Amino acid sequence: MTRLPRLQNVFYGVTDMPRARRFYEALFAPALKYADGERWIQYDAGGSPFALAGAGEAHASMMGAAAVFEVGDLTACEALVSQSGGTVLEARDMGAHGTTLVVRDPEGNVVHLWSRAPRANAVA
């Protein structure tokens, strides 16, 4: 990879979504962009996406925040993760949203590499 990919979002894994949501909404009053029950809440944080991920969305080993980088070729990235001293934790098909590769960097941080799903009406 020769350049830093687009930062798609940053999120915190949370164990109590209603409590976390109340906290961030009271503290910052962010504009809500997307909500999926207790699984995922995404806000517009001054033009940058910030999200809360509940059970089933945040990887079980995650602590703190995770950066999500939008990449084009997950297969090439997967090879680079292993070659660079990282570990692939999980590959996950997110249906119409795309595919994500959850990796741990050599320092133990969880990073998501995400590839957008092709649009249904796109012509090959």
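None of the figures in this text is laboratory data; all of them are computed from the coordinates on show. In this text the structure is predicted, and so the values were computed from the model without any measurement. Virtual Cβ from ideal backbone geometry, glycine too; neighbours counted across all protein chains shown.
Descriptive notes on the structure:
- Calculated diffusion of the stretch 6-116, Stokes-Einstein form, Kirkwood radius summed over Cα pairs, 20 °C and 1.002 mPa s, µm²/s: 148
- For the stretch 98-116 versus the stretch 40-78, the gap between their alpha-carbon centres in whole angstrom: 8
- Here the relative contact order of the chain, from alpha carbon pairs under 8 Å that lie six or more residues apart, stands at 23 percent.
- Nearest 10 degrees, 0 to 90: helix 74-83 Cα axis against the chain principal axis: 80
- Cα long-axis angle, helix 17-28 against the chain (0 to 90 degrees, to the nearest 10): 80
- Rounded to the nearest 0.05, the FRET efficiency derived from the C-beta distance between A45 and H97 at R0 = 22 Å is 0.65.
- Net charge of the neighbourhood of S115, taken over other residues with C-beta under 9 Å away and scored Lys/Arg +1, Asp/Glu -1, is -1.
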